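The next block holds one structure in the form of structure tokens; read it before the comments.
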Amino acid sequence: MKSQELRQNLKESIDRLSPERLLVAADFLAYLAERESNEATKELLKIPGFVEAFNKAQKDVAAGKVTTVEQLKRKY
């Protein structure tokens, strides 16, 4: 089943749920999304030097040391 078709089937199923079951489904989907996010974070943290590079990037952004998309477009 293709992703688009699966999404449509899920939407139709959601529309048939009672308010109580809809709340359960929302909680479960939030749990799945959080778990996926946590797994992605763990993957990033495994990359050597990632935390240091991320912290430096945050400091650079806060200090205004950024290159805008427009500047990149003109450069390349």
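The values are calculated or read from the model by the stated rules, or taken from the named source; none is laboratory data. Bear in mind the structure is a predicted one, so any value in this text is a computation, not a measurement. Glycine gets a Cβ as well: all are built from the backbone with ideal geometry, and neighbour counts include every protein chain shown. These accessible areas exclude ligands, DNA and RNA; they are computed on the full protein's heavy atoms, side chains included. Shrake-Rupley method; radii C 1.70, N 1.55, O 1.52, S 1.80 Å.
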Q. Under the rule of -39500 (n - 2.57) per DSSP H run of 4 or more residues, summed and divided by the residues of the chain, what mean residue ellipticity at 222 nm is obtained, to the nearest 500 deg cm²/dmol?
A. -26000 deg cm²/dmol
Q) Using a cut-off of 26 Å between alpha-carbon atoms, which lysines can reach K65, once sequence neighbours fewer than 8 places away in the same chain are excluded? A) K56, K73, K75
Q.
Testing the spin-label approximation: label points 7 Å from Cα along Cα→Cβ at K59 and V24. State their distance in nm.
A. 5.1 nm
Q | trypsin sites (Lys or Arg not before Pro), loop per DSSP, at most 15 other Cβ atoms within 10 Å - longest free stretch of the chain | A | 17-45
**Q.** Cross-link reach list, lysines versus K2, counting only Cα pairs under 27 Å and skipping chain neighbours closer than eight places
**A.** K11
Q | Spread of Cα-to-Cα distances over 5 Å intervals beginning at zero, given as percent, for the chain | A | 3, 12, 10, 12, 13, 11, 10, 12, 12, 6, 1, 0
Q: Whenever you get a sec, compute what percent of the accessible area on the range 30-76 sits on carbon and sulfur atoms (1.4 Å probe).
A: 59 percent
**Q.** Solvent exposure of the chain as accessible area per residue, Å², 1.4 Å probe
**A.** 97 Å²
**Q.** Among S3, V61, F28 the positive-end extreme of the charge dipole of the chain (Cβ point charges)
**A.** V61
Q. Which of V51, V66, V24 moves the most in a Gaussian network model of the chain with Cα springs under 10 Å?
A. V66
